[in-house]
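The values are calculated or read from the model by the stated rules, or taken from the named source; none is laboratory data. Keep in mind the model is a prediction, meaning the values are calculated, not measured. Positions of Cβ are backbone-derived with ideal geometry, glycine not excepted, and every protein chain shown enters the neighbour counts. When the accessible area is computed, the model is the full protein with side chains, heavy atoms only, and any ligands, DNA or RNA have been set aside. Shrake-Rupley method; radii C 1.70, N 1.55, O 1.52, S 1.80 Å.
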Amino acid sequence: MTTPFFGRSAAALVLAAGLLSPLGAQAQDVAEIGGLAENMIVVSNPGSSSYNDLLYRANRSPGSVYNGIVNLWFRNASGAVVSGCTGSLLSNRQILTAAHCVSNGSSLTSTSFTARFYEEGRGWVDINGSGYAVKSGYGLTTSAINENDVAVLTLGENAPSFARKYSLAVGNVLNQQTTLAGYGRTGNINTGTQISSNQFNDQAFLRTGVNTFETTCRSGGVCATALNSSPGTYGGVLFGDFDRSGVSSAGVVCNSFGFCNAGYSDNREVTIGPGDSGSASFLADWTISGVASFGQINNVTQRIGGLEGYFYGYTCVANVEGNAGCQSNYNFVMENVEVEVPEPASLGLVGIGLFGLAAAARRRRAA
C-alpha cells in the first residue's frame with residue numbers, strides 16, 4: 001500500500017500515483033484521495049544518475065526565463081536555517097510560495113527567510129526578508145490537500161535587477177504542457193526523492209521538466225472525475241499524475257478519475273519532491289497557474305519497480321472563470337503584491353497584467 005507524503009519543506013520532480021475511495025452516489029462525478037500527502041521533484045528517466053542529465057537542468061544564463069525562481073531558506077529566531085522551499089518573484093519585493101512552507105496552520109514556523117537568486121557568471125545573490133502573508137483559511141483543514149496553500153513573502157530590499165518577474169495566468173489551465181522547476185531533492189522513477197539536491201549550499205541547481213494538470217480537487221482531497229461536466233472549475237487544487245515516458249500509468253488519475261493521458265516522450269515528464277514546495281507551474285507564456293503543494297511517496301520497499309502513477313497537486317492561483325478556489329487565491333496574491341509605479345516616460349505603456357491589475361484586485365478581498 002502506498003503512503004502519500006506532506007511536509008512544509010517539500011517538493012522535488014518525481015513520478016507519482018495514489019489510492020482513492022469513491023464517494024457513493026457521487027462517485028461518477030467526483031472521487032476522494034485516500035491518506036495523507038506531501039511534496040517532491042523526480043525525473044522519469046530510470047537510469048541511476050538520470051536526474052543529473054542536462055535535460056533536467058534549468059538554463060540560468062543572463063536573460064533566462066528561470067532567473068526569477070528562487071531558493072528559499074527559512075530561519076528561526078536564532079538565525080539558523082530550519083527548512084527550505086522554492087519561490088517565484090512577482091514584483092521587486094514579493095515572492096510567491098506555499099503556505100505550508102511558513103505556517104503550521106495556526107502560527108508561523110519561521111521568523112525570517114533568505115531568498116537566493118542565481119545567474120550564471122554572477123553567482124548567488126542573497127536577500128533577506130521577514131514579511132509573511134498567508135492565505136486566510138489555510139488552517140481550516142488538517143488535510144495536506146488544501147485549496148488555500150499559498151503565501152506571499154516580502155523581501156527587505158529589492159530583488160536583483162537580473163531576476164525575472166512573473167505574472168499569474170488567466171483562463172483554463174488544464175490539459176496544457178506545464179513547466180515545473182524546483183530546488184528540492186531529486187531522484188528518478190525507480191529511486192524516488194532519495195538524492196540530495198545541495199539545496200542548502202552553493203552547489204544547488206534548479207531542475208526542471210514538464211507535466212500536465214488533468215483535473216481539480218477541493219480541500220480534503222475530493223476531486224472531479226472525467227465524467228464531471230466541468231473538472232477545470234470544480235476545485236482550487238490542480239491535480240495530475242506522473243507517468244513513465246509515453247505510457248499512461250496505473251494510478252488514481254487514470255484508474256479512478258478517468259484521465260488517462262500518456263507521459264511526455266523523451267523522459268521529460270517530472271513531478272515534485274521535498275524542497276520544491278512553493279515552486280510555480282508555468283504555462284507556455286510563462287504565466288503561473290499554480291504553487292507546488294503536495295505529492296505522493298511510498299516506502300523504500302514499495303518504491304522498487306517504479307513510481308509511475310503517483311499523483312501530485314498545485315494550489316491554483318490563476319484567474320479561472322467559474323472556479324471560486326482559483327479566483328480566491330488569485331485575488332489574495334494580487335492584494336499582497338505592491339503596485340510598481342513605472343518611470344514617467346513609460347506611464348502610457350502600463351499594461352493589464354499582474355501589476356496593472358493589482359490596484360483593482362486590492363479592492364476585492366478574498367473570501
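By DSSP, the beta bridges lying fully in segment 189-336 are antiparallel in about 90 percent of cases. Peptide packing for 176-182, 63-69 was compared via the average number of neighbouring C-beta atoms within 10 Å per residue; ordered from the highest value, the list is 176-182, 63-69.
Spin-label model, residue 198 to residue 260: label points 7 Å out along the Cα-to-beta-carbon direction sit 4.3 nm apart. Where the alpha-carbon atoms of segment 178-273 are placed on the principal axes, they occupy 48, 28, 20 Å, in descending order. Note on segment 93-136: with neighbouring protein chains present and a 1.4 Å probe, carbon and sulfur make up 39 percent of its accessible heavy-atom surface.
Which net charge results for the neighbourhood of residue 57, defined as the other residues with beta-carbon distances under 14 angstrom from its beta-carbon, given Lys and Arg at +1 and Asp and Glu at -1? So the surrounding residues net to +1. At the listed q of 0.22 Å⁻¹, the Debye profile of segment 42-121, built from one uniform point per Cα, gives log10 I(q)/I(0) equal to -1.05.
Only protein atoms count toward the accessible area here, which uses a 1.4 Å probe; on segment 179-257, the carbon and sulfur part of that area reaches 48 percent. Its Cα gyration tensor gives segment 56-211 an equivalent ellipsoid. The semi-axes, each the square root of 5 times an eigenvalue, are 22, 20, 18 Å from largest down. Note on residue 161 and residue 77: the extension gain reaches 27.3 nm, defined as 0.36 nm multiplied by sequence separation minus the Cα-Cα distance.
Computed with a 1.4 Å probe over protein heavy atoms only, the accessible surface of segment 90-180 comes to 38 Å² per residue.
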